[in-house]
1. Of the residues Glu126, Glu137, Glu122, Glu100, which is among the charged types (D, E, K, R), open to solvent by 50 Å² or more (accessible area, probe 1.4 Å), closer than 25 Å to Lys67 by Cα and free of Cβ contacts under 8 Å to residues at least 60 places away in the same chain?
2. Open to solvent by less than 30 Å² (accessible area, probe 1.4 Å), in contact with a helix residue (DSSP H, G or I) (Cβ under 6 Å, 6 or more places away or on another chain) and either within 24 Å of Arg191 (Cβ to Cβ) or in contact (Cβ under 8 Å) with a residue 24 or more places away in the chain (or both), is that true of Pro110?
3. Any idea which residue in the stretch 32-64 is nearest to the chain's Cα centre (by Cα), counting only those that are open to solvent by 70 Å² or more (accessible area, probe 1.4 Å) and at positive phi?
4. In the stretch 65-72, is there at least one residue being of a type outside the set (Lys, Arg), touching a helix residue (DSSP H, G or I) at 6+ places or on another chain (Cβ under 8 Å) and open to solvent by 20 Å² or more (accessible area, probe 1.4 Å)?
Amino acid sequence: MQSQCEEVVTKNATFWEDTGDGNDTLAPTSTLSILCPLDCNEKGNCTEGVCNCTEGFAGNDCTIDLKEAPEVYKANRNGKCDASSESCSLVSIRGMNFVESGSLTCHVQPVQITEDGFDIVENITENYDGTFQTFEEVQCPVQPALRRKRMTTNETGDDTDPLDPTGALVSISNDGERASPQVLVIIHNSRCDDCNGTEGYCIRKTEICIVDGECYDLESPQCQINGTKQGSDKQAIIIGSVVGSLAAVGIIVAVILVYKYVYLKKKSKSRVHASNTSREPASNTENTTGEEKSELIYKMNVNIGSVDPVTITEVETVSHA
């Protein structure tokens with residue numbers, strides 16, 4: 001019915017109105033303005049150009065089924081919000097079939113952003129009122145959940161850097177229950193990190209220095225004044241750890257070499273001492289005089305009970321010879 005009405009008033013010149021400025025007459029705006037888009041999709045009543053949707057449907061043309069979750073495509077700027085150049089208090093979520101109502105809800109789940117991607121540390125989702133912009137855009141407050149996560153992390157004693165990027169998985173529901181698929185949002189400082197909102201990772205820049213909690217290019221006056229020629233505090237920690245590890249390995253190797261040297265030296269001395277001991281009886285025998293040998297032979301014969309003076313005399317004679 002509505003499409004037929006539009007066609008008639010648009011094509012039938014008798015319904016046209018003169019603008020009064022000499023231009024051609026136009027289709028009567030007074031008639032067109034009271035028409036509703038798609039005639040409210042037969043899911044509502046049209047009143048002066050506004051659809052009053054029946055229960056369970058919404059939208060300017062009543063085409064949104066509230067029993068179904070809205071669609072979400074991406075977060076603003078390809079999933080990133082640069083805190084160094086813009087306010088990230090509200091993050092835009094793009095999609096379809098968002099409804100302006102008091103039940104429009106943003107569901108925010110904090111995640112940890114690393115160089116390898118993002119990790120879900122806790123399976124906790126916080127709910128916040130969404131700000132309706134259009135049927136294709138909703139703005140969500142993400143930072144309160146991220147600040148709460150950072151405070152909780154500090155209380156547990158975990159090491160956190162205020163400059164580290166933060167992130168969250170965000171979904172939208174029109175009724176506070178039926179939520180859309182999640183999309184990733186990364187809040188970062190582009191002066192400090194290079195981030196990929198699609199893959200969900202951030203890498204700390206190397207050609208920077210950090211002064212009073214701010215990131216600067218190495219060639220900037222701030223870096224030159226402070227004499228800083230290193231990428232960041234984290235890099236300094238990593239370099240220190242590597243140097244410390246190498247020093248520890250060097251000490252261990254030195255101890256092993258010293259131990260082997262002392263052990264081999266002791267072992268060598270032990271061998272020399274044993275060799276000298278085994279040679280002593282032979283040396284004593286070689287140094288024995290002829291008289292001592294004769295006396296020794298005499299004692300041996302006496303012990304076996306066969307003393308032969310002649311033999312002894314002969315032995316003595318031989319010995320003296």
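The values are calculated or read from the model by the stated rules, or taken from the named source; none is laboratory data. Keep in mind that this is a model prediction, so the values were computed, not measured. Here the Cβ is made from the backbone with ideal geometry for all residues, glycine too, and neighbour counts use every protein chain on show. Protein only, heavy atoms only, side chains kept; ligands, DNA and RNA dropped before computing areas. Shrake-Rupley method; radii C 1.70, N 1.55, O 1.52, S 1.80 Å.
1. So the residue among Glu126, Glu137, Glu122, Glu100 that is among the charged types (D, E, K, R), open to solvent by 50 Å² or more (accessible area, probe 1.4 Å), closer than 25 Å to Lys67 by Cα and free of Cβ contacts under 8 Å to residues at least 60 places away in the same chain is Glu100.
2. In short, yes.
3. Residue satisfying both the conditions and the ranking: Leu38.
4. no
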